[in-house]
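Taken together, the values in this text are just the output of simple stated rules run on the coordinates, not laboratory data. Treat the numbers as computed from the prediction; the structure is a model and nothing was measured. We place every Cβ from the backbone using ideal geometry, glycine too, and count neighbours over all the protein chains shown.
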Amino acid sequence: MSSAVTSPLHEELGAAYPGLNLLPETCADGIDTFWVARAQLLPLAEALRFHLKKPFTFLYDLTAIDETRREFGFKQPRQDYTLVYLLRSYGRNHDIRLKVALRESDKQAPTVCSVWPNANWYEREVWDLFGIHFQGHPCLRRIMMPTTWQGHPLCKSHPARATEMGQYSLPDDIRDFEQEALRFDPKAWGLEPSGRDEEFMWLNLGPNHPSVHGVFRIMLQLEGEQIVEAIPDIGYHHRGAEKMGERQSWHSYIPYTDRIDYLGGVMNNLPYLMAVEKLAGIQVPERARVIRVMMCEIFRILSHLLFYGTFAQDIGALSPIFYMFVDREKLFGIVEAITGARMHPSWFRIGGVTSDLPQGWDKLILTWLDEMPKRLHDYDKMVMDNALVKQRTVGVGRYDTATAIEWGVTGPGLRATGFDWDLRKKRPYSGYENFDFEVPVAQGGDSYDRCKVRVEEIRQSMRIIRQCVKNMPSGPYKAEHALTTPPVKDRTMQDIDTLIPHFLGVSWGPVIPPGEAMAEVEATKGSNAYYLVSDGSTCSYRTHIRTPSFPHLQMIPVMARGQMISDLIATLGSIDFVMADVDR
């Protein structure tokens with residue numbers, strides 16, 4: 001690689017790492033992107049993390065691309081596979097993307113776990129799904145697929161549909177083999193017995209246990225009732241959402257996004273569509289942007305209300321969730337009146353939303369907003385002011401800001417440590433800069449504060465929604481652009497030159513220009529992003545979903561060590577995760 005990169009950051013890196021050679025690439029999202037030689041990856045990572053005045057302390061994401069069938073894109077030094085690292089400096093409010101080219105015959109790279117500990121799970125995922133080996137990784141084993149799985153599913157050579165896999169059968173011997181593979185072997189995870197023999201034991205929490213909120217297992221090493229070690233085991237809910245994104249058209253993939261964080265509704269649509277719109281150069285009209293904000297905040301409230309009730313339920317308070325479900329049902333009625341569906345409306349579209357707001361929508365929302373503050377006040381007395389709840393949660397599962405960033409925590413879990421970072425304020429999108437609201441923060445970083453932040457976020461979301469209702473702009477609800485879905489239909493019945501493109505756009509979907517783009521939103525559980533690669537086709541060449549719950553669960557061992565089992569239940573409840581958001 002030979003190129004001269006002249007930028008302040010490159011000058012800083014040159015001083016910290018003499019001899020550095022970076023090759024720049026321009027992407028549709030505007031993120032500074034550089035190719036780096038594999039031999040320079042680890043020294044560069046250490047320079048970025050430890051040797052700058054404002055370091056890149058946060059490994060936001062790590063994934064890979066199988067380039068073997070790609071026609072368009074950055075030709076040099078692209079080879080058979082590309083490793084993609086997205087790094088963030090909170091001090092600079094700036095991101096940098098690093099790329100490493102690999103050959104099929106030499107699919108390996110050094111681990112960066114010593115630099116960013118949260119790289120552990122990301123590297124395991126890349127090895128599992130792409131077969132790229134990370135030298136020096138502490139426990140490189142499958143994380144999404146069963147340990148008995150053959151192949152690496154996100155390689156282009158791996159089938160994308162069940163009909164391509166051959167006839168399925170499960171003979172008794174294969175069934176027994178698969179069952180035995182699920183048995184927990186502590187030595188395979190690097191665990192050794194510790195403590196007195198009469199007090200020592202292993203305990204499987206899950207994969208079917210109410211407190212783990214889905215099909216999820218935590219393998220506990222106990223001394224008495226105290227947790228010595230906790231090993232999360234995920235992948236039971238993996239459905240191949242990213243593989244599906246590479247076989248569906250840009251338009252038909254929208255309903256799949258609803259099912260990632262299945263409590264987030266249309267908020268899941270937004271980062272995907274924003275990434276597509278960056279690739280296509282589509283400007284979303286102001287009315288559509290405000291409608292999107294309003295619906296996203298409605299789903300933020302719906303998600304937080306469920307968290308509020310189940311968090312109280314996990315630690316023994318059963319009444320709140322029944323009351324909160326009443327409020328959720330009323331709000332779901334409003335969602336249904338506007339979109340025609342409830343939990344998964346798939347209502348956003350490329351360039352805007354499906355349809356305009358129906359008559360009377362504003363009265364429905366304002367009535368709910370007027371009733372809700374008193375209900376929240378009652379819930380605070382039942383939960384937040386409850387002495388037993390405080391005894392079970394204050395000081396439990398505590399971590400500080402530096403630890404949160406080190407392990408990839410975002411959203412309320414990060415703000416509960418006193419760190420004021422909300423994407424809607426720091427990097428406004430979809431017009432959030434036009435709204436007056438506050439970012440709730442707490443200082444303790446414990447289970448109680450994580451709940452406290454979300455409760456206050458409900459009130460701030462109500463504040464945003466009220467502004468949407470009172471200041472809803474007029475105008476189109478969808479961009480008049482050839483690549484919107486469905487495309488503009490004004491003249492389809494007047495001339496064939498308009499009818500044919502409209503028919504193709506509806507049946508096959510739009511052809512998005514070649515390029516790469518990432519879009520990020522402040523979702524209900526933290527930072528949610530879609531990284532999309534287009535090869536100039538009617539479907540995505542690479543779809544990668546960065547979800548908040550994935551790194552949050554990786555941090556469980558840090559929070560669990562030294563806890564009692566009952567404290568772990570409160571800690572898990574305070575994280576606010578769903579397994580579809582983890583496993584995808």
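Data overview
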quantity	calculated
Taking the C-alpha atoms of region 372-526, convex hull volume expressed per residue in Å³	177
The chain: relative contact order as a whole-number percent, Cα under 8 Å and 6+ apart	17
Gap separating the Cα centres of region 476-509 and region 457-472, nearest whole Å	34
For region 241-583, size of Cβ-based charge dipole, Lys and Arg +1, Asp and Glu -1, in debye	260
Cross-link reach list, lysines versus Lys75, counting only Cα pairs under 27 Å and skipping chain neighbours closer than eight places	Lys99, Lys107, Lys156, Lys243, Lys278
Descending Cα extents along the principal axes, region 371-430, whole Å	34, 32, 13
Quotient of Cα Rg and 2.2 N^0.38 Å for region 262-408, N being how many residues it contains	1.26
Whole-percent pair-distance distribution, where bins are 10 Å wide, for the alpha carbons of region 241-583	6, 25, 32, 23, 10, 3, 1, 0
Residue among Ala442, Ala560, Met493 farthest towards the positive dipole end of the chain, charges placed on Cβ	Met493
Mean ellipticity per residue at 222 nm, deg cm²/dmol - from DSSP H runs of n ≥ 4 across the chain, formula -39500 (n - 2.57)	-11500 deg cm²/dmol
Compactness of region 501-560 as Cα Rg over 2.2 N^0.38 Å, two decimals	1.60
Highest to lowest packing among 449-457, 161-169, 218-226, scored as the average C-beta count within 10 Å	449-457, 218-226, 161-169
Which of Thr111, Ser346, Tyr168, positive extreme of dipole for the chain (C-beta unit charges)	Ser346
Computed magnitude of the charge dipole of region 8-135 (debye, nearest 20; Cβ of K, R +1, Cβ of D, E -1)	220
Listed peptides 99-106, 271-278, 284-291, 355-362 by packing density, highest first (mean Cβ within 10 Å)	271-278, 284-291, 99-106, 355-362
Ordering of 380-391, 60-71, 522-533 by burial proxy (mean other Cβ atoms within 10 Å per residue, highest first)	522-533, 60-71, 380-391
Bins of 5 Å, starting at 0 and running to the largest distance - Cα pair percent for region 8-135	2, 10, 22, 25, 21, 14, 6, 1, 0
Whole-angstrom gap from region 11-89 to region 250-279, using each part's C-alpha centre	27
Alpha carbon convex hull of the chain, projected area averaged over orientations, nm²	29.1
Unit charges on C-beta of K, R, D, E only; dipole of the chain, Debye	1060
